[in-house]
Amino acid sequence: MRLANKVAVVTGAASGIGKEIARTFAAEGAKVVIADLDLKAAQATAAELGGADKALGVAMDVTQEDQVDAGMAKVIEVFGRVDILVSNAGIQIVSPLQDFSFAKWKQMLAIHLDGAFLTTRAALRYMYKQGDGGSIIYMGSVHSKEASPLKAPYVTAKHGLIGLAKVVAKEGAAHKVRANVICPGFVRTPLVEKQIPEQAKELGISEADVVKNVMLKETVDGEFTTVQDVAAAALFFASFESNALTGQSLVVSHGWFMQ
Ligand code: NAD
């Protein structure tokens with residue numbers, strides 16, 4: 001039980017990568033908060049993980065200051081503390097830059113960057129008061145390191161998370177709060193399933209070619225990364241004991257991007 005007695009808040013945990021992280025953390029003994037826009041799905045996930053004193057579903061739009069602060073206050077009310085934050089909620093919108101609507105650009109930056117800032121700030125306030133450290137994990141992407149066409153705000157925001165993690169690592173060190181970024185390659189979640197036909201349309205190629213020649217072309221073995229692969233990396237960061245591992249980013253992508 002690598003996370004016994006820990007309380008972990010995972011945003012966007014009602015689906016995909018976040019859901020698997022919530023499962024993995026719960027299996028390692030953590031009390032897990034599934035904070036998601038979709039309250040019904042968050043509550044269903046919490047019930048799957050044992051409900052009541054083991055897992056909690058909380059309604060949270062990470063772009064809304066009041067909802068983030070209220071959600072974190074609820075975590076403290078129910079579980080008494082917060083030790084781990086996984087800032088994971090995210091969406092994807094693909095379009096060439098010249099056609100990108102300003103509203104959609106701002107929506108993307110709000111979810112990925114405002115969401116990371118607001119949840120970090122809310123968690124830090126409690127972690128600093130508790131006085132026994134914490135772990136903040138950002139869900140970056142290979143797009144935190146590398147660019148692809150059609151993804152201007154996503155690439156911009158995911159690069160930005162690395163900067164935020166480095167600042168949190170420096171400010172948090174005195175309080176034993178660590179901050180790190182996971183950078184997955186393509187994982188077959190609803191976020192990616194939606195993108196396959198959209199990219200096929202934008203690029204004028206078949207869906208099979210999007211998978212083979214866009215998503216997996218640069219991997220060493222033509223394989224998708226899995227939710228379990230990403231959850232294993234999250235557990236590694238969450239359970240690491242000292243400030244030796246902070247301000248870092250770890251690429252989990254079947255070699256698509258090599259540092
Ligand atoms: P997903 O669509 O399966 O799950 C995303 C979850 O986030 C959903 O439950 C959704 O309700 C929630 N959400 C969306 N907007 C929200 C908001 N404003 N506030 C709170 N919750 C919100 O997606 P996923 O693939 O599991 O993606 C999770 C994270 O992983 C994202 O940050 C994504 O950018 C990142 N990522 C995904 C991949 C991939 O290939 N799937 C690769 C690299 C990084």
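The values are calculated or read from the model by the stated rules, or taken from the named source; none is laboratory data. What you are looking at is a predicted structure, and each value in this text was computed from that prediction instead of being measured. In this analysis, Cβ positions are derived from the backbone assuming ideal geometry, glycine residues included, and neighbour counts consider all displayed protein chains. All accessible areas refer to the heavy atoms of the entire protein, side chains included, with ligands and DNA or RNA removed. Shrake-Rupley method; radii C 1.70, N 1.55, O 1.52, S 1.80 Å.
Accessible area per residue for the chain is 45 Å², calculated with a 1.4 Å probe on protein heavy atoms, without ligands, DNA or RNA. Divided by 2.2 N^0.38 Å, where N counts the residues, the Cα radius of gyration of region 22-75 comes to 1.08.
With the contact rule set at Cα under 8 Å and sequence spacing of 6 or more, what percent relative contact order holds for region 83-229? 24 percent. Please give the helix 152-172 orientation as an angle from the longest Cα principal axis of the chain, in degrees from 0 to 90, rounded to the nearest 10. The angle comes out near 30 degrees.
Between Asn213 and Ala232, the modelled label-to-label distance comes to 3.2 nm, taking each label 7 Å out from Cα in the direction of the beta carbon. In this structure Phe117 has an accessible area near 100 Å², from a 1.4 Å probe over the protein heavy atoms. In order along region 78-90, phi translates into HN-Hα couplings of 7, 10, x, 6, 9, 10, 9, 10, 10, 7, 10, 3, x Hz, rounded to whole numbers, per the Karplus curve 6.51 cos²θ - 1.76 cosθ + 1.60 with θ = phi - 60° and x for Gly and Pro.
Taken over the C-alpha atoms, region 110-205 has Rg and Dmax values of 16.1, 55 angstrom.
Stretching the chain fully between His159 and Lys74 yields a gain of 27.5 nm (0.36 nm per residue, less the alpha carbon separation). The C-alpha radius of gyration of region 18-144, expressed as a fraction of 2.2 N^0.38 Å, stands at 1.11. Legend: calculated FRET efficiency, Asp221 to Glu198, from the Cβ-Cβ distance at R0 = 25 Å, rounded to 0.05, equals 0.50. Per-residue ellipticity at 222 nm for the chain, helices alone: DSSP H runs ≥ 4 residues times -39500 (n - 2.57), over residue total, nearest 500 deg cm²/dmol? The helix contribution divided over the chain gives -13500 deg cm²/dmol.
Pairwise Cα separations in region 187-252 fall into 10 Å bins from 0 onward with the following percentages, short to long: 18, 37, 26, 15, 4.
Could you state the angle between the C-alpha long axis of helix 16-27 and the longest principal axis of the C-alpha atoms of the chain, as a value from 0 to 90 degrees rounded to the nearest 10? On a 0 to 90 degree scale, this one is about 30.
The reciprocal of the average 1/r between distinct C-alpha atoms defines the Kirkwood hydrodynamic radius, which for the chain equals 18.3 Å. How are the C-alpha pair distances of region 127-259 spread across 10 Å bins, as whole percents from the shortest bin up? Per 10 Å bin, starting at zero, the Cα-Cα P(r) for region 127-259 comes out as 13, 38, 30, 14, 5, 0 percent.
Count Lys and Arg as plus one, Asp and Glu as minus one, and take only other residues whose Cβ is under 12 Å from that of His254; the net charge is then -3. For His112, what is the net charge nearby, where nearby means another residue's Cβ is under 14 Å from its Cβ and Lys, Arg count +1, Asp, Glu -1? Result for the local shell: +2.
Would you mind telling me the share, in percent, of accessible area of region 137-259 contributed by carbon and sulfur at probe 1.4 angstrom?
56 percent
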